[in-house]
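Here the structure comes first, spelled out in structure tokens, and everything after it is commentary.
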Amino acid sequence: MPVKVKLGGESHSIWWRIFRVLLLCALVIAIIGGLVFAVYYHEYSGIVDERLAQGPLFESVAQVYAAPQEVRTGQALSAASIAASLRKAGYNSNSQLGSFQLRGDAILIKPGPQSYLATDGATITTTGGVVQSITADNGAPLAGYKLEPQLITALSEDKNRTKRRLVTYNQIPQHMVQAVLAIEDRRFFEHSGFNYFRTAKCAFEDVVSGRMSCGGSTLTQQLARGFFLTPDKRLTRKIAEAMITMQLESRFNKQQIFEMYANEINLGQRGSFGINGFGEAAQAFFGKDLHQLDLADCALLAGMIQRPNYFSPYKHADRAMERRNLVLDSMVETGAITSSEAARAKAEPIRLAPPNIDASEAPYFVDLVHDQIAQRLGDTDTSHSALRIYTSLDPDLQRAAADAVEAGMKHVDDLVRAKHRKADANITYPQVALIALNPHTGQVLALVGGRDYATSQLNHAMAQRPTGSTFKPFVYATAYNSSLNGTELDGGGVFTALTRINDDPQDFGPPGRPYMPGNFERGEYPGMVTAADALAHSLNIATIALAMKVGLDNVASLAHEAGVVNAQPTPSMAIGTYNATPLDMAGAYTIYANYGVHLKPWFLSSVRNANGDIVSDFTPEARQVLDPRVAYLTQTLMQGVIDRGTAIKVRGLGFTAPAAGKTGTDHDAWFAGFSSNLIAIVWVGNDDYTDIKLQGADAAAPIWADFMKRAQKMPQYSDMKAFTQPDGVSTLRVDRATGLISDSSCPSDSFTAAFLDGTAPQSTCSHMGTDTQTLGSQLSGEDHRNAFQKLFGLGKDKQQDQNGSPPPH
């Protein structure tokens with residue numbers, strides 16, 4: 001018995017000592033762990049404090065807005081479509097921007113204190129989808145009324161080209177919250193930042209698989225990782241993540257954490273921009289504001305969180321739909337929705353916004369706006385300012401431009417491939433630019449700077465390129481300028497559309513340095529040609545010959561005044577060997593489309609702060625460069641380019657509205673043209689400056705025609721009228737063979753030409769026998785009146801006495 005007691009005591013003593021040692025070790029480990037934890041917690045508390053001290057977790061990025069849409073009587077718009085535009089612009093019953101009331105076929109609009117527009121409201125009445133009347137608040141009738149501008153996009157936040165549209169928790173649809181919780185973190189509102197069971201399960205799976213790929217993180221952990229840490233999965237990063245998670249849970253409530261998560265989460269790429277947050281994703285994928293998303297939309301976005309590129313609906317529609325439906329099943333499991341609601345949502349197709357980012361966000365245009373804001377306001381960090389930047393852009397026309405470019409460049413690619421052997425893999429595919437202006441304001445309505453912004457952010461609308469034959473109208477406008485002064489061309493009378501120019505091969509170089517250019521088609525139209533035909537058929541030799549007659553300095557001076565500042569007074573200038581940007585040429589063509597007034601193209605209208613107060617307004621630059629008569633006369637020559645010249649293909653492609661323009665072919669292909677309400681310039685060329693070997697009529701003009709046809713279908717551009725003839729000008733049908741007025745007895749080969757009063761033919765082709773004097777006057781200069789008399793039609797009675805015949809009629 002004593003032995004047993006002794007042995008038991010010794011055994012008890014040994015285990016007690018072991019227990020005390022273990023207890024002491026545990027205590028030491030706990031103390032050390034506590035100290036380590038305290039050090040880490042303090043360290044990461046400092047990191048969080050430092051981040052929070054920098055300001056809000058999300059910067060208030062500048063927002064870029066389109067131009068306000070003007071509603072006019074007679075437009076094809078319904079009250080419901082106007083309401084949809086206002087709703088998209090942010091009008092609602094509680095908005096500081098404004099509100100509206102839809103009353104059947106009428107809509108009452110009331111801008112708010114933060115509206116871009118004046119606070120005066122209006123009532124717009126429609127019938128059958130057409131605006132019948134617009135009435136101001138005081139009952140006065142209005143011809144037009146401007147709607148609140150639409151948001152185009154936010155400026156990129158940083159050099160990583162990240163975009164987001166901030167939302168508050170209350171602006172997030174309930175289904176969006178429920179979908180995220182169902183698939184990502186079902187106990188988010190119950191746990192303290194960690195889901196220990198799920199973390200343990202994922203840890204076991206990672207150990208077994210040998211990969212750290214299990215997604216056991218809570219929303220708070222994901223937020224901690226996204227804000228403060230790198231995406232690697234090392235143990236030290238996990239410790240840091242845990243420390244920051246505890247910091248976030250202690251500083252913010254659950255709604256605040258979810259709001260931060262909703263604005264931070266990455267949902268892939270769109271073009272070259274990263275999509276961060278559900279607000280930006282709603283616009284990028286669906287073209288909607290976040291509050292407009294339905295159940296299926298919310299489930300799709302929630303499903304993308306795990307692997308945004310893998311589940312991208314643009315790249316992998318089947319995967320995205322399968323994942324969306326899994327989210328819907330998870331929502332049924334959590335009780336967020338019923339089985340029938342899930343079934344209805346599953347039956348919906350995925351309805352995505354067009355993948356062409358040019359159409360919706362005009363990235364090349366926005367880049368130019370950003371640059372101009374920084375330049376004019378002296379703020380290189382504009383994107384981090386809570387500014388509202390109001391621009392010139394028409395979103396509908398921008399989409400039309402992007403769609404026309406996308407379709408047209410497929411045709412251009414086909415033409416390029418046809419010029420190469422099938423085995424040739426080293427094909428250079430050309431780039432493109434399209435700019436559209438309001439010819440009477442200089443407003444840049446649409447701008448496409450390249451065929452794919454994701455591939456290249458080089459803005460070809462701003463690239464300096466030889467202008468080719470789009471420059472030639474400056475030569476003819478300068479010649480018409482000389483007519484205003486009564487200046488004769490080499491004794492051949494004042495310049496008119498019927499002036500004969502020598503198109504035979506000529507040496508235009510100085511002594512010892514020959515310069516003998518040819519026409520695009522060698523041997524085409526040799527001999528004496530009319531000015532009208534020389535421009536219509538883009539004859540190089542005749543155009544240079546005319547430039548030499550009117551003075552190269554005069555031509556260059558006019559070009560400079562119109563914004564083509566690189567032109568130098570050399571013979572080759574006349575056929576466009578000097579550089580200008582497509583945007584420069586769009587501005588230059590305002591002098592022809594706007595009756596001689598040059599308008600500098602503009603992007604910026606106004607910059608406001610978050611409260612709607614004006615930071616800066618911008619005034620367009622306008623200057624009279626040409627006499628209105630000269631502008632119109634040149635314009636009519638350019639109509640001949642489309643109606644019977646190098647751009648006649650435009651008519652064959654179905655664009656029939658009155659228009660004027662000019663093809664351009666050098667190493668690049670151009671088409672510059674305009675209607676009564678729209679200028680558009682299309683350029684196609686290679687970045688490496690090699691010759692694309694395509695004519696402007698084949699590569700650029702079809703894109704222009706497609707764009708103009710799309711524009712004409714829109715209410716705001718549908719009224720493409722005939723050009724208005726100014727006083728002091730007359731327009732006649734001219735018989736090509738005789739150069740006299742065409743009548744019913746003449747051959748059918750005639751064309752329309754405009755003349756300064758006193759310079760037009762005075763007789764018809766059927767009375768040639770009595771019109772020898774007039775015909776000679778026009779074509780050979782055999783008129784002995786002085787220039788002033790010829791310009792204004794004076795001195796004919798004296799000639800009657802000399803010739804013994806009555807004056808022509």
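The values are calculated or read from the model by the stated rules, or taken from the named source; none is laboratory data. Not measured: the values here are computed from a predicted model. Positions of Cβ are generated from backbone atoms using ideal geometry, with glycine treated the same way; all protein chains shown enter the neighbour counts. Ligands, DNA and RNA are stripped out before the accessible areas are found, and what is left, the full protein with its side chains, is counted by its heavy atoms. Shrake-Rupley method; radii C 1.70, N 1.55, O 1.52, S 1.80 Å.
Here are a few things to note about the model shown:
- Dividing the Cα radius of gyration of region 551-617 by its Kirkwood radius returns 1.21 for Rg/Rh.
- Total charge dipole magnitude, region 241-385, about the Cα centre, Cβ charges on Lys, Arg, Asp, Glu only, Debye to nearest 20: 360 debye
- Cβ-based net charge around Val167, under 12 Å, with every Lys or Arg adding one and every Asp or Glu removing one: -2
- Rounded to the nearest whole Hz, the Karplus-based 3J(HN,Hα) values (6.51 cos²θ - 1.76 cosθ + 1.60, θ = phi - 60°) of region 341-351 follow the sequence 5, 5, 5, 5, 5, 5, 6, 6, x, 7, 9, with x at glycine and proline.
- With the highest mean first, a sort of the peptides 16-24, 217-225 on other beta-carbon atoms found within 10 angstrom per residue produces 217-225, 16-24.
- For region 544-667, projected area of the alpha-carbon convex hull averaged over all directions, nm²: 10.6 nm²
- Percentage relative contact order, region 425-568, counting C-alpha pairs under 8 Å, at least six apart: 18 percent
- Probing with 1.4 Å while keeping every protein chain in the model, the per residue accessible area of region 547-684 equals 31 Å².
- With 31 Å as the limit, the listed pairs Lys110/Lys600; Lys410/Lys662; Lys146/Lys709; Lys288/Lys693; Lys662/Lys721; Lys600/Lys721 have Lys110/Lys600; Lys288/Lys693 beyond it between alpha carbons.
- For region 58-196, the Cβ-based charge dipole about the Cα centre amounts to some 200 debye (Lys, Arg positive; Asp, Glu negative; other atoms uncharged).
- Part-to-part distance (alpha-carbon centres) for region 318-344 and region 261-312, which is given in Å: 17 Å
- Placing unit charges on each Cβ (+1 for Lys and Arg, -1 for Asp and Glu) gives region 429-553 a dipole about its Cα centre, and among Gln457, Ile501, Leu484 the Cα reaching farthest toward its positive end belongs to Gln457.
- Fraction of accessible area attributable to carbon and sulfur, region 269-393 (%, probe 1.4 Å): 47 percent
- Distant-in-sequence amide H partners of Gln269 (H built 1.01 Å from N, under 5 Å): Ile275
- Solvent-accessible heavy-atom area per residue, rounded to whole Å², over region 81-126 at 1.4 Å: 47 Å²
- Carbon + sulfur, % of accessible area of region 396-489 - ligands and nucleic acids excluded, 1.4 Å: 47 percent
- Per residue solvent-accessible surface (Å²) - region 388-498, probe of 1.4 Å: 34 Å²
- Distant-in-sequence amide H partners of Thr162 (H built 1.01 Å from N, under 5 Å): Glu157, Gly274
- Between region 392-417 and region 641-655, the alpha-carbon center distance in angstrom: 19 Å
- Overall form of region 658-737 per C-alpha gyration tensor (a/c, 1.5; a/b vs b/c): oblate
- Ranking His316, Pro354, Ala433 by Cα position along the charge dipole of region 315-474, where only Lys, Arg, Asp and Glu carry charges on their C-beta atoms, puts Ala433 farthest toward the positive end.
- The coefficient of translational diffusion for region 234-289, derived via Stokes-Einstein from the alpha carbon Kirkwood radius under 10 °C and 1.306 mPa s, stands at 122 µm²/s.
- Here the peptides 550-557, 644-651 are ranked by packing, the mean other Cβ count within 10 Å, and the order with the highest first is 644-651, 550-557.
- A compact globular protein would have a Cα radius of gyration near 2.2 N^0.38 Å; the ratio found for region 284-412 is 1.39.
- Most to least packed among 132-140, 541-549 [average Cβ atoms within 10 Å]: 541-549, 132-140
- Computed from the C-beta positions of His420 and Gln306, the FRET efficiency with R₀ = 41 Å rounds to 0.40.
- Within the accessible area of region 603-735, the carbon and sulfur atoms contribute 47%, probe 1.4 Å, all protein chains present.
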